[in-house]
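To start, the structure under review is shown below, and the notes come after it.
The values are calculated or read from the model by the stated rules, or taken from the named source; none is laboratory data. This is a predicted model, so every value here is computed, not measured. Cβ placement follows ideal geometry from the backbone for every residue including glycine, while neighbour counts extend to all protein chains displayed. Calculation scope for accessible area: heavy atoms of the full protein, side chains included, ligands and nucleic acids excluded. Shrake-Rupley method; radii C 1.70, N 1.55, O 1.52, S 1.80 Å.
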Amino acid sequence: MSNCSESRVLEFYRGSTVLLAGGTGFLGKTLLEKLLRCLKVKKIYLLIRTKKGCCGEERLKAILEDRLFDRVRKPELIAKIVPVEVDYAEKDFGMAPGLTCEIRKEVEIVLYCLATVKMTGALKETVETNVFLARRMLRWCRTFPRLEAFVFTSTFYCNLDQDIIEEKVYNELPFGSYEIVMNMLKHLSAEECEQLKSTILQKFPNTYVFSKRLAEIMIETEFAQTLPVAIYRPPIITPTCREPMLGWTDNPYGSVAYIKSFWDGLGHVKYVDSRAKCNFAPVDYCANAVLVSGFDLAEKRLVGSAPCVPVYNHHSNATNTTYGELTSWFGDSRKRFWDWIIWKYCWISTSFIWLMYLNVIFARIKDFIAMWCPGSKPAHKFYYRGSAYWFMAFSQSVGFVAFRSWKSVSNNLKRAQCYLSEREQQIFFTDLDEIDMREYMSGQVDEAIQYLECENKRRYKK
(Lines give C-alpha, C1' and ligand atoms only; values in the text may rest on other atoms or scores of the structure.)
Protein backbone atom coordinates (compact mmCIF):
# COMPACT_ATOMS: atom_id res chain seq x y z
CA MET A 1 0.00 0.00 0.00
CA SER A 2 1.22 3.46 -0.86
CA ASN A 3 2.64 5.59 1.91
CA CYS A 4 1.72 8.72 0.01
CA SER A 5 -0.40 11.07 2.11
CA GLU A 6 -1.52 13.19 -0.84
CA SER A 7 -4.98 12.68 -2.29
CA ARG A 8 -3.91 13.06 -5.89
CA VAL A 9 -6.96 11.51 -7.56
CA LEU A 10 -9.37 13.46 -5.40
CA GLU A 11 -7.47 16.66 -6.17
CA PHE A 12 -7.48 15.86 -9.89
CA TYR A 13 -11.28 15.74 -9.97
CA ARG A 14 -11.85 18.52 -7.44
CA GLY A 15 -13.42 21.54 -9.16
CA SER A 16 -13.29 19.89 -12.57
CA THR A 17 -15.93 19.91 -15.29
CA VAL A 18 -16.81 16.45 -16.61
CA LEU A 19 -18.63 15.42 -19.78
CA LEU A 20 -20.36 12.06 -19.33
CA ALA A 21 -21.53 10.31 -22.50
CA GLY A 22 -23.57 7.17 -21.93
CA GLY A 23 -24.57 8.29 -18.45
CA THR A 24 -28.02 6.72 -18.74
CA GLY A 25 -26.55 3.21 -19.10
CA PHE A 26 -25.48 0.68 -16.47
CA LEU A 27 -21.88 1.83 -16.07
CA GLY A 28 -22.79 5.45 -16.78
CA LYS A 29 -25.31 5.67 -13.93
CA THR A 30 -22.76 4.18 -11.53
CA LEU A 31 -20.16 6.70 -12.67
CA LEU A 32 -22.63 9.55 -12.19
CA GLU A 33 -23.44 8.41 -8.65
CA LYS A 34 -19.76 8.03 -7.77
CA LEU A 35 -18.88 11.47 -9.14
CA LEU A 36 -21.61 13.06 -7.03
CA ARG A 37 -20.92 11.08 -3.86
CA CYS A 38 -17.14 10.99 -3.67
CA LEU A 39 -15.66 13.62 -5.97
CA LYS A 40 -16.08 17.35 -5.51
CA VAL A 41 -16.51 18.09 -9.20
CA LYS A 42 -17.75 21.50 -10.28
CA LYS A 43 -20.14 20.42 -13.02
CA ILE A 44 -21.24 17.31 -14.93
CA TYR A 45 -22.55 17.71 -18.46
CA LEU A 46 -24.74 14.64 -18.93
CA LEU A 47 -25.56 13.85 -22.56
CA ILE A 48 -29.11 12.48 -22.81
CA ARG A 49 -31.16 11.51 -25.85
CA THR A 50 -34.90 12.05 -25.93
CA LYS A 51 -36.65 8.71 -25.55
CA LYS A 52 -40.31 7.78 -25.91
CA GLY A 53 -41.31 11.42 -25.87
CA CYS A 54 -39.38 12.21 -22.67
CA CYS A 55 -37.04 15.20 -22.78
CA GLY A 56 -33.60 15.20 -21.19
CA GLU A 57 -34.71 16.74 -17.89
CA GLU A 58 -37.59 14.25 -17.53
CA ARG A 59 -35.25 11.34 -18.18
CA LEU A 60 -32.75 12.67 -15.66
CA LYS A 61 -35.50 13.03 -13.07
CA ALA A 62 -36.55 9.40 -13.67
CA ILE A 63 -32.92 8.21 -13.43
CA LEU A 64 -32.36 9.98 -10.12
CA GLU A 65 -35.41 8.23 -8.62
CA ASP A 66 -33.50 4.94 -8.77
CA ARG A 67 -32.34 3.49 -5.43
CA LEU A 68 -28.79 3.82 -6.68
CA PHE A 69 -28.97 7.57 -6.02
CA ASP A 70 -30.48 7.43 -2.51
CA ARG A 71 -27.26 8.74 -0.93
CA VAL A 72 -26.74 11.66 -3.32
CA ARG A 73 -30.27 12.97 -3.77
CA LYS A 74 -29.39 16.35 -2.29
CA PRO A 75 -30.13 19.71 -3.96
CA GLU A 76 -26.52 20.91 -3.85
CA LEU A 77 -25.31 17.72 -5.54
CA ILE A 78 -28.09 17.39 -8.12
CA ALA A 79 -27.47 21.03 -9.10
CA LYS A 80 -24.06 19.99 -10.44
CA ILE A 81 -25.71 17.93 -13.21
CA VAL A 82 -26.45 19.76 -16.44
CA PRO A 83 -28.66 17.56 -18.64
CA VAL A 84 -27.77 18.15 -22.29
CA GLU A 85 -30.40 16.96 -24.73
CA VAL A 86 -28.70 15.54 -27.82
CA ASP A 87 -29.54 14.06 -31.17
CA TYR A 88 -26.47 12.13 -32.27
CA ALA A 89 -27.57 12.13 -35.91
CA GLU A 90 -27.43 15.94 -36.12
CA LYS A 91 -24.53 18.35 -36.54
CA ASP A 92 -23.00 19.23 -33.16
CA PHE A 93 -25.27 16.47 -31.82
CA GLY A 94 -28.27 18.78 -32.09
CA MET A 95 -27.05 21.17 -29.39
CA ALA A 96 -27.54 24.93 -29.54
CA PRO A 97 -24.41 26.85 -30.64
CA GLY A 98 -24.16 28.68 -27.31
CA LEU A 99 -24.23 25.45 -25.30
CA THR A 100 -21.73 23.81 -27.64
CA CYS A 101 -19.33 26.71 -27.14
CA GLU A 102 -19.81 26.57 -23.37
CA ILE A 103 -19.02 22.85 -23.21
CA ARG A 104 -15.93 23.29 -25.39
CA LYS A 105 -14.54 25.99 -23.13
CA GLU A 106 -15.25 24.28 -19.81
CA VAL A 107 -14.85 20.51 -20.13
CA GLU A 108 -11.61 18.99 -18.82
CA ILE A 109 -12.51 15.30 -18.52
CA VAL A 110 -14.62 13.14 -20.85
CA LEU A 111 -15.89 9.75 -19.68
CA TYR A 112 -17.26 7.91 -22.70
CA CYS A 113 -19.28 4.75 -22.10
CA LEU A 114 -21.84 5.25 -24.84
CA ALA A 115 -22.48 2.10 -26.89
CA THR A 116 -25.07 -0.30 -28.15
CA VAL A 117 -24.49 -3.62 -26.38
CA LYS A 118 -26.79 -5.72 -28.55
CA MET A 119 -24.55 -8.67 -29.27
CA THR A 120 -26.50 -9.72 -32.36
CA GLY A 121 -27.46 -6.25 -33.57
CA ALA A 122 -27.35 -5.33 -37.25
CA LEU A 123 -23.78 -4.70 -38.40
CA LYS A 124 -24.40 -1.27 -39.93
CA GLU A 125 -26.34 0.01 -36.91
CA THR A 126 -23.80 -1.34 -34.42
CA VAL A 127 -20.82 0.15 -36.24
CA GLU A 128 -22.62 3.50 -36.65
CA THR A 129 -23.07 3.76 -32.88
CA ASN A 130 -19.93 2.11 -31.54
CA VAL A 131 -17.42 3.37 -34.11
CA PHE A 132 -18.58 6.31 -36.24
CA LEU A 133 -20.38 8.09 -33.41
CA ALA A 134 -17.33 7.65 -31.17
CA ARG A 135 -15.16 9.08 -33.95
CA ARG A 136 -17.40 12.17 -34.23
CA MET A 137 -17.26 12.64 -30.46
CA LEU A 138 -13.45 12.39 -30.46
CA ARG A 139 -13.18 14.88 -33.31
CA TRP A 140 -15.39 17.29 -31.36
CA CYS A 141 -13.24 16.84 -28.27
CA ARG A 142 -10.17 17.90 -30.28
CA THR A 143 -11.58 21.42 -30.02
CA PHE A 144 -11.62 21.36 -26.18
CA PRO A 145 -8.70 23.58 -25.11
CA ARG A 146 -8.77 22.39 -21.47
CA LEU A 147 -9.16 18.66 -22.12
CA GLU A 148 -6.94 16.55 -19.86
CA ALA A 149 -8.39 13.06 -20.26
CA PHE A 150 -10.79 11.16 -22.52
CA VAL A 151 -11.51 7.61 -21.28
CA PHE A 152 -13.17 5.31 -23.81
CA THR A 153 -14.86 2.18 -22.44
CA SER A 154 -14.27 -0.83 -24.67
CA THR A 155 -14.48 -4.53 -23.74
CA PHE A 156 -11.86 -7.10 -22.80
CA TYR A 157 -13.44 -9.55 -25.25
CA CYS A 158 -12.84 -7.53 -28.41
CA ASN A 159 -9.49 -9.34 -28.45
CA LEU A 160 -10.85 -12.86 -28.06
CA ASP A 161 -8.58 -14.10 -30.87
CA GLN A 162 -5.61 -13.69 -28.50
CA ASP A 163 -4.75 -16.27 -25.84
CA ILE A 164 -2.93 -13.66 -23.75
CA ILE A 165 -4.43 -10.19 -24.06
CA GLU A 166 -1.87 -7.44 -23.53
CA GLU A 167 -2.47 -3.78 -22.80
CA LYS A 168 -2.17 -2.63 -26.38
CA VAL A 169 -4.42 -2.13 -29.39
CA TYR A 170 -4.50 -5.13 -31.74
CA ASN A 171 -4.67 -3.80 -35.30
CA GLU A 172 -5.55 -7.03 -37.09
CA LEU A 173 -8.96 -7.22 -38.78
CA PRO A 174 -10.28 -10.34 -40.50
CA PHE A 175 -11.33 -8.57 -43.71
CA GLY A 176 -8.82 -6.11 -45.10
CA SER A 177 -7.03 -3.17 -43.55
CA TYR A 178 -8.57 -0.62 -41.21
CA GLU A 179 -9.02 1.94 -44.02
CA ILE A 180 -10.70 -0.59 -46.33
CA VAL A 181 -13.10 -1.81 -43.64
CA MET A 182 -14.04 1.72 -42.53
CA ASN A 183 -14.71 2.90 -46.09
CA MET A 184 -16.70 -0.19 -46.89
CA LEU A 185 -18.89 0.05 -43.78
CA LYS A 186 -19.42 3.76 -44.38
CA HIS A 187 -20.70 3.39 -47.93
CA LEU A 188 -22.51 0.04 -47.88
CA SER A 189 -26.24 0.02 -47.12
CA ALA A 190 -27.63 -1.79 -44.09
CA GLU A 191 -28.88 -4.61 -46.33
CA GLU A 192 -25.50 -5.01 -48.05
CA CYS A 193 -23.74 -5.08 -44.66
CA GLU A 194 -26.02 -7.90 -43.51
CA GLN A 195 -25.33 -9.88 -46.67
CA LEU A 196 -21.58 -9.54 -46.13
CA LYS A 197 -21.66 -9.85 -42.34
CA SER A 198 -20.22 -13.35 -42.07
CA THR A 199 -17.42 -12.40 -44.50
CA ILE A 200 -16.57 -9.23 -42.59
CA LEU A 201 -16.80 -10.70 -39.07
CA GLN A 202 -15.24 -14.12 -39.73
CA LYS A 203 -13.69 -15.14 -36.37
CA PHE A 204 -15.67 -12.53 -34.40
CA PRO A 205 -18.77 -14.14 -32.85
CA ASN A 206 -20.98 -11.04 -32.95
CA THR A 207 -21.18 -7.46 -34.17
CA TYR A 208 -20.58 -5.96 -30.72
CA VAL A 209 -17.07 -7.32 -30.13
CA PHE A 210 -16.13 -6.64 -33.76
CA SER A 211 -17.26 -3.02 -33.49
CA LYS A 212 -15.26 -2.54 -30.29
CA ARG A 213 -12.10 -3.90 -31.94
CA LEU A 214 -12.68 -1.54 -34.86
CA ALA A 215 -13.26 1.38 -32.47
CA GLU A 216 -9.97 0.70 -30.65
CA ILE A 217 -8.07 0.68 -33.94
CA MET A 218 -9.84 3.89 -34.97
CA ILE A 219 -8.78 5.60 -31.73
CA GLU A 220 -5.12 4.64 -32.05
CA THR A 221 -4.95 5.34 -35.79
CA GLU A 222 -6.64 8.74 -35.79
CA PHE A 223 -6.33 10.20 -32.29
CA ALA A 224 -3.26 8.82 -30.49
CA GLN A 225 -1.16 11.84 -31.46
CA THR A 226 -3.76 14.56 -30.99
CA LEU A 227 -5.80 13.70 -27.89
CA PRO A 228 -5.13 12.57 -24.32
CA VAL A 229 -7.21 9.42 -24.84
CA ALA A 230 -7.12 6.03 -23.10
CA ILE A 231 -9.01 2.76 -23.51
CA TYR A 232 -10.55 0.95 -20.55
CA ARG A 233 -11.37 -2.76 -21.04
CA PRO A 234 -13.68 -4.46 -18.53
CA PRO A 235 -14.82 -8.10 -18.76
CA ILE A 236 -18.52 -8.95 -18.20
CA ILE A 237 -19.92 -6.19 -15.98
CA THR A 238 -22.14 -7.42 -13.14
CA PRO A 239 -24.22 -5.85 -10.30
CA THR A 240 -22.61 -3.72 -7.61
CA CYS A 241 -20.54 -5.44 -4.95
CA ARG A 242 -19.73 -2.81 -2.31
CA GLU A 243 -21.13 0.61 -3.17
CA PRO A 244 -23.61 2.04 -2.75
CA MET A 245 -25.25 -1.34 -2.01
CA LEU A 246 -24.78 -5.02 -2.80
CA GLY A 247 -26.47 -6.32 -5.91
CA TRP A 248 -27.87 -3.20 -7.62
CA THR A 249 -28.52 -3.60 -11.34
CA ASP A 250 -30.65 -2.04 -14.04
CA ASN A 251 -30.49 -4.80 -16.66
CA PRO A 252 -31.07 -8.58 -16.97
CA TYR A 253 -27.69 -9.43 -18.49
CA GLY A 254 -24.42 -10.86 -17.18
CA SER A 255 -24.87 -12.92 -14.03
CA VAL A 256 -28.44 -11.61 -13.70
CA ALA A 257 -29.43 -13.55 -16.84
CA TYR A 258 -28.75 -16.84 -15.05
CA ILE A 259 -30.67 -15.64 -11.99
CA LYS A 260 -33.58 -14.70 -14.26
CA SER A 261 -33.59 -18.15 -15.86
CA PHE A 262 -33.86 -19.81 -12.42
CA TRP A 263 -36.43 -17.29 -11.20
CA ASP A 264 -38.63 -18.01 -14.21
CA GLY A 265 -38.26 -21.72 -13.54
CA LEU A 266 -36.58 -22.21 -16.92
CA GLY A 267 -32.91 -22.56 -16.05
CA HIS A 268 -32.76 -26.34 -16.35
CA VAL A 269 -30.40 -26.32 -19.36
CA LYS A 270 -27.51 -23.87 -19.61
CA TYR A 271 -25.29 -23.27 -22.62
CA VAL A 272 -22.00 -23.17 -20.70
CA ASP A 273 -19.03 -25.32 -19.82
CA SER A 274 -19.53 -25.80 -16.09
CA ARG A 275 -15.72 -26.11 -15.69
CA ALA A 276 -14.90 -22.90 -17.59
CA LYS A 277 -13.71 -19.98 -15.49
CA CYS A 278 -15.89 -16.90 -15.53
CA ASN A 279 -14.49 -13.39 -15.38
CA PHE A 280 -16.87 -10.83 -13.95
CA ALA A 281 -16.29 -7.28 -12.74
CA PRO A 282 -18.83 -5.58 -10.42
CA VAL A 283 -19.96 -2.29 -11.92
CA ASP A 284 -18.79 -0.26 -8.89
CA TYR A 285 -15.27 -1.65 -9.38
CA CYS A 286 -15.51 -0.71 -13.07
CA ALA A 287 -16.60 2.85 -12.28
CA ASN A 288 -13.61 3.22 -9.96
CA ALA A 289 -11.30 1.86 -12.65
CA VAL A 290 -12.58 4.39 -15.20
CA LEU A 291 -11.94 7.25 -12.78
CA VAL A 292 -8.46 6.02 -11.85
CA SER A 293 -7.65 5.53 -15.55
CA GLY A 294 -8.65 9.13 -16.25
CA PHE A 295 -6.35 10.40 -13.50
CA ASP A 296 -3.46 8.17 -14.60
CA LEU A 297 -3.85 9.24 -18.23
CA ALA A 298 -3.70 12.94 -17.32
CA GLU A 299 -0.77 12.34 -14.97
CA LYS A 300 1.43 10.37 -17.33
CA ARG A 301 0.23 10.96 -20.86
CA LEU A 302 2.24 13.43 -22.97
CA VAL A 303 0.18 14.12 -26.09
CA GLY A 304 2.15 13.35 -29.21
CA SER A 305 5.05 11.71 -27.40
CA ALA A 306 4.09 8.12 -28.16
CA PRO A 307 2.24 6.37 -30.99
CA CYS A 308 0.27 4.09 -28.67
CA VAL A 309 -2.90 4.75 -26.72
CA PRO A 310 -2.73 3.72 -23.03
CA VAL A 311 -4.89 0.64 -22.43
CA TYR A 312 -6.21 -0.45 -19.04
CA ASN A 313 -7.18 -4.13 -18.89
CA HIS A 314 -9.45 -4.84 -15.92
CA HIS A 315 -9.16 -8.59 -15.67
CA SER A 316 -8.11 -11.17 -13.09
CA ASN A 317 -5.81 -14.04 -13.94
CA ALA A 318 -6.24 -15.44 -10.44
CA THR A 319 -9.96 -16.16 -10.58
CA ASN A 320 -10.90 -19.80 -10.07
CA THR A 321 -14.67 -19.35 -10.14
CA THR A 322 -16.33 -21.65 -12.66
CA TYR A 323 -19.79 -21.43 -14.19
CA GLY A 324 -20.69 -24.57 -12.29
CA GLU A 325 -19.78 -22.92 -8.98
CA LEU A 326 -21.61 -19.78 -10.01
CA THR A 327 -24.94 -21.53 -10.45
CA SER A 328 -24.39 -23.60 -7.31
CA TRP A 329 -23.88 -20.43 -5.28
CA PHE A 330 -27.08 -18.99 -6.65
CA GLY A 331 -28.79 -22.08 -5.25
CA ASP A 332 -27.18 -21.56 -1.86
CA SER A 333 -28.90 -18.18 -1.63
CA ARG A 334 -32.37 -19.82 -1.52
CA LYS A 335 -33.92 -20.28 1.92
CA ARG A 336 -36.83 -22.54 1.06
CA PHE A 337 -35.83 -26.20 0.77
CA TRP A 338 -37.39 -26.95 -2.63
CA ASP A 339 -36.13 -23.72 -4.14
CA TRP A 340 -32.65 -24.62 -2.93
CA ILE A 341 -32.88 -28.12 -4.43
CA ILE A 342 -34.18 -26.88 -7.81
CA TRP A 343 -31.74 -23.97 -8.13
CA LYS A 344 -28.72 -25.94 -6.95
CA TYR A 345 -29.16 -29.33 -8.58
CA CYS A 346 -31.92 -29.35 -11.22
CA TRP A 347 -29.92 -28.06 -14.16
CA ILE A 348 -27.38 -29.31 -16.68
CA SER A 349 -24.72 -27.61 -18.77
CA THR A 350 -24.25 -28.38 -22.44
CA SER A 351 -22.24 -27.31 -25.47
CA PHE A 352 -25.14 -28.20 -27.80
CA ILE A 353 -27.36 -25.18 -28.35
CA TRP A 354 -30.23 -27.35 -29.61
CA LEU A 355 -30.57 -28.82 -26.11
CA MET A 356 -31.63 -25.34 -25.00
CA TYR A 357 -34.97 -26.15 -26.63
CA LEU A 358 -35.69 -28.23 -23.54
CA ASN A 359 -36.16 -24.90 -21.79
CA VAL A 360 -38.72 -23.98 -24.45
CA ILE A 361 -40.58 -27.24 -23.79
CA PHE A 362 -40.65 -26.47 -20.06
CA ALA A 363 -41.81 -22.95 -20.90
CA ARG A 364 -44.73 -24.20 -23.03
CA ILE A 365 -45.79 -26.51 -20.22
CA LYS A 366 -45.72 -23.62 -17.75
CA ASP A 367 -47.66 -21.41 -20.16
CA PHE A 368 -50.31 -24.14 -20.51
CA ILE A 369 -50.59 -24.53 -16.73
CA ALA A 370 -50.76 -20.77 -16.27
CA MET A 371 -53.61 -20.45 -18.75
CA TRP A 372 -55.77 -23.12 -17.13
CA CYS A 373 -54.95 -23.01 -13.44
CA PRO A 374 -56.68 -20.29 -11.38
CA GLY A 375 -54.28 -17.96 -9.60
CA SER A 376 -51.21 -18.90 -11.67
CA LYS A 377 -51.86 -16.83 -14.78
CA PRO A 378 -48.87 -14.58 -15.59
CA ALA A 379 -49.30 -10.98 -16.60
CA HIS A 380 -48.42 -11.82 -20.20
CA LYS A 381 -50.07 -14.69 -22.09
CA PHE A 382 -46.87 -16.32 -23.38
CA TYR A 383 -44.48 -15.01 -20.74
CA TYR A 384 -42.57 -18.24 -20.11
CA ARG A 385 -42.09 -19.07 -23.78
CA GLY A 386 -40.83 -15.53 -24.41
CA SER A 387 -38.48 -15.80 -21.45
CA ALA A 388 -37.11 -19.13 -22.71
CA TYR A 389 -36.39 -17.74 -26.18
CA TRP A 390 -34.79 -14.66 -24.60
CA PHE A 391 -32.48 -16.83 -22.51
CA MET A 392 -31.58 -18.91 -25.55
CA ALA A 393 -30.71 -15.80 -27.56
CA PHE A 394 -28.64 -14.45 -24.66
CA SER A 395 -26.79 -17.77 -24.29
CA GLN A 396 -25.96 -17.88 -27.99
CA SER A 397 -24.71 -14.30 -28.07
CA VAL A 398 -22.35 -14.71 -25.08
CA GLY A 399 -21.59 -18.39 -25.54
CA PHE A 400 -18.05 -17.67 -26.75
CA VAL A 401 -17.23 -16.41 -23.23
CA ALA A 402 -18.70 -19.43 -21.43
CA PHE A 403 -16.52 -22.04 -23.15
CA ARG A 404 -12.97 -20.73 -22.85
CA SER A 405 -10.72 -18.58 -20.69
CA TRP A 406 -8.12 -15.92 -21.38
CA LYS A 407 -4.99 -14.69 -19.68
CA SER A 408 -4.13 -11.02 -19.59
CA VAL A 409 -1.47 -8.46 -18.86
CA SER A 410 -3.18 -6.05 -16.47
CA ASN A 411 -0.42 -3.85 -15.10
CA ASN A 412 -1.61 -0.31 -15.76
CA LEU A 413 -4.40 -0.22 -13.18
CA LYS A 414 -2.14 -1.85 -10.60
CA ARG A 415 0.58 0.68 -11.34
CA ALA A 416 -1.91 3.55 -11.08
CA GLN A 417 -2.92 2.32 -7.62
CA CYS A 418 0.60 3.21 -6.44
CA TYR A 419 -0.25 6.89 -6.82
CA LEU A 420 -3.24 6.59 -4.50
CA SER A 421 -3.13 7.57 -0.86
CA GLU A 422 -4.36 5.06 1.73
CA ARG A 423 -7.68 6.90 1.91
CA GLU A 424 -8.03 6.87 -1.89
CA GLN A 425 -7.35 3.16 -2.08
CA GLN A 426 -10.41 2.66 0.10
CA ILE A 427 -12.48 4.94 -2.14
CA PHE A 428 -11.26 3.72 -5.53
CA PHE A 429 -11.16 -0.05 -5.06
CA THR A 430 -10.46 -1.86 -8.35
CA ASP A 431 -8.74 -5.13 -7.37
CA LEU A 432 -10.96 -8.00 -8.58
CA ASP A 433 -8.81 -10.56 -6.73
CA GLU A 434 -9.97 -9.25 -3.35
CA ILE A 435 -13.64 -10.14 -3.98
CA ASP A 436 -15.14 -13.11 -2.16
CA MET A 437 -16.97 -14.38 -5.24
CA ARG A 438 -19.12 -16.88 -3.35
CA GLU A 439 -20.44 -14.22 -0.99
CA TYR A 440 -20.84 -11.69 -3.81
CA MET A 441 -22.69 -14.00 -6.20
CA SER A 442 -25.07 -15.44 -3.61
CA GLY A 443 -25.62 -11.99 -2.12
CA GLN A 444 -26.77 -10.36 -5.35
CA VAL A 445 -29.65 -12.80 -6.01
CA ASP A 446 -32.36 -11.15 -3.92
CA GLU A 447 -31.56 -7.69 -5.31
CA ALA A 448 -31.63 -9.07 -8.86
CA ILE A 449 -35.01 -10.70 -8.25
CA GLN A 450 -36.36 -7.44 -6.85
CA TYR A 451 -35.25 -5.69 -10.04
CA LEU A 452 -36.81 -8.40 -12.24
CA GLU A 453 -40.11 -8.20 -10.36
CA CYS A 454 -40.22 -4.41 -10.77
CA GLU A 455 -39.44 -4.72 -14.47
CA ASN A 456 -42.21 -7.26 -15.00
CA LYS A 457 -44.74 -5.04 -13.23
CA ARG A 458 -43.69 -2.09 -15.34
CA ARG A 459 -43.69 -4.02 -18.60
CA TYR A 460 -46.95 -5.88 -18.15
CA LYS A 461 -48.96 -3.34 -16.18
CA LYS A 462 -52.54 -3.11 -17.35
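Ignoring any ligand, DNA or RNA, what whole percent of the accessible area of segment 72-174 comes from carbon and sulfur when the probe is 1.4 angstrom?
50 percent
Here the chain is treated with +1 on each Lys and Arg Cβ and -1 on each Asp and Glu Cβ, and its dipole about the Cα centre works out to around 1100 debye. Within the chain, what's the longest stretch lacking GluC sites (Glu not before Pro) that sit in DSSP loops with no more than 14 other Cβ atoms inside 10 Å? So the longest stretch without any such site is 173-462. Here the sum of -39500 (n - 2.57) over DSSP H runs of 4 or more residues, divided by the residues of the chain, equals -13000 deg cm²/dmol at 222 nm, to the nearest 500. Across the chain, C-alpha contacts under 8 Å between residues 6 or more apart give a mean separation that, scaled by the residue count, equals a relative contact order of 20 percent. Projecting the Cα atoms of Leu39, Leu77, Val151 onto the dipole axis of the chain, where Lys and Arg carry +1 and Asp and Glu carry -1 at the beta carbon, places Leu77 farthest toward the positive end. When DSSP assigns beta bridges and you keep just the ones with both residues in the chain, what percent turn out antiparallel, to the nearest 5? Bridges in the chain that DSSP calls antiparallel: roughly 5 percent.
Using alpha-carbon positions, what is the distance between the centroids of segment 81-126 and segment 395-445, in Å? Here the two parts' Cα centres lie 28 Å apart. In angstrom, the C-alpha Rg and Dmax of segment 132-238 are 14.5, 44. In the assembled protein chains, Met119 presents an accessible area of approximately 50 Å² (probe radius 1.4 Å). Which one of Ile48, Phe280, Leu432 is farthest out on the positive end of the charge dipole of the chain, using unit charges on Cβ (Lys, Arg +1; Asp, Glu -1) and the Cα centre as origin? Value: Ile48. Taking the longest Cα principal axis of the chain as reference, the axis of helix 357-372 is set at about 70 degrees. Derived scalar couplings between HN and Hα for segment 142-147 equal 4, 8, 8, x, 9, 5 Hz in order, rounded to whole Hz, by the Karplus curve 6.51 cos²θ - 1.76 cosθ + 1.60 (θ = phi - 60°), x for Gly and Pro. Taking the centroid of alpha carbons for each part, segment 7-59 and segment 175-222 are 30 Å apart. Residues in segment 160-166 carry Karplus couplings, in order, of 5, 7, 9, 6, 10, 9, 8 Hz; the curve used is 6.51 cos²θ - 1.76 cosθ + 1.60 with θ = phi - 60°, and Gly or Pro positions show x. Across the accessible surface of segment 341-462, with the other protein chains kept in place and a 1.4 Å probe, carbon and sulfur atoms take up 59 percent.
In a reduced charge model with +1 at each Lys and Arg Cβ and -1 at each Asp and Glu Cβ, segment 359-459 shows a dipole moment near 760 debye about its Cα centre. Taking amide H positions as modeled 1.01 Å from N, with prolines and chain starts lacking one, the residues under 5 Å from Cys241 and 5 or more places away or on another chain are Gly247, Val283, Asp284, Tyr285. Near the amide H of Arg49, within less than 5 Å, lie the amide hydrogens of Val86, all on another chain or at least 5 residues away, with H placed in the peptide plane. Measuring between alpha carbons in the structure, the pairs from Lys43/Lys74; Lys43/Lys212; Lys52/Lys118; Lys29/Lys124; Lys52/Lys124; Lys212/Lys457 lying more than 25 angstrom apart are Lys43/Lys212; Lys29/Lys124; Lys212/Lys457. Taking amide H atoms as placed 1.01 Å from N in the peptide plane, the amide H of Lys270 lies under 5 Å from those of Ile348, Ser349, Thr350, each 5 or more residues away in sequence or on another chain. Averaged over its residues, the chain has an accessible area of 44 Å² per residue, based on protein heavy atoms and a 1.4 Å probe.
Once you sort the root eigenvalues of the Cα gyration tensor of segment 365-428 as a ≥ b ≥ c, which label holds: rounded (a/c under 1.5), prolate (a/b larger than b/c) or oblate (the other case)?
Oblate.
The alpha carbon gyration tensor of segment 39-85 gives principal lengths a ≥ b ≥ c with a/c of 1.5 or higher and a/b no greater than b/c, which makes the shape oblate. Our coupling estimate for segment 446-457, obtained by passing each phi through the Karplus curve with A = 6.51, B = -1.76, C = 1.60 and θ = phi - 60°, is 5, 5, 5, 5, 4, 5, 5, 5, 5, 5, 5, 5 Hz, Gly and Pro reported as x. Give the shape of segment 6-111 as rounded, prolate or oblate, defined through the alpha-carbon gyration tensor: a ≥ b ≥ c are the square roots of its eigenvalues, a/c under 1.5 means rounded, and otherwise the shape is prolate if a/b is larger than b/c and oblate if not. It is oblate, given that a/c is not under 1.5 and a/b is not larger than b/c.
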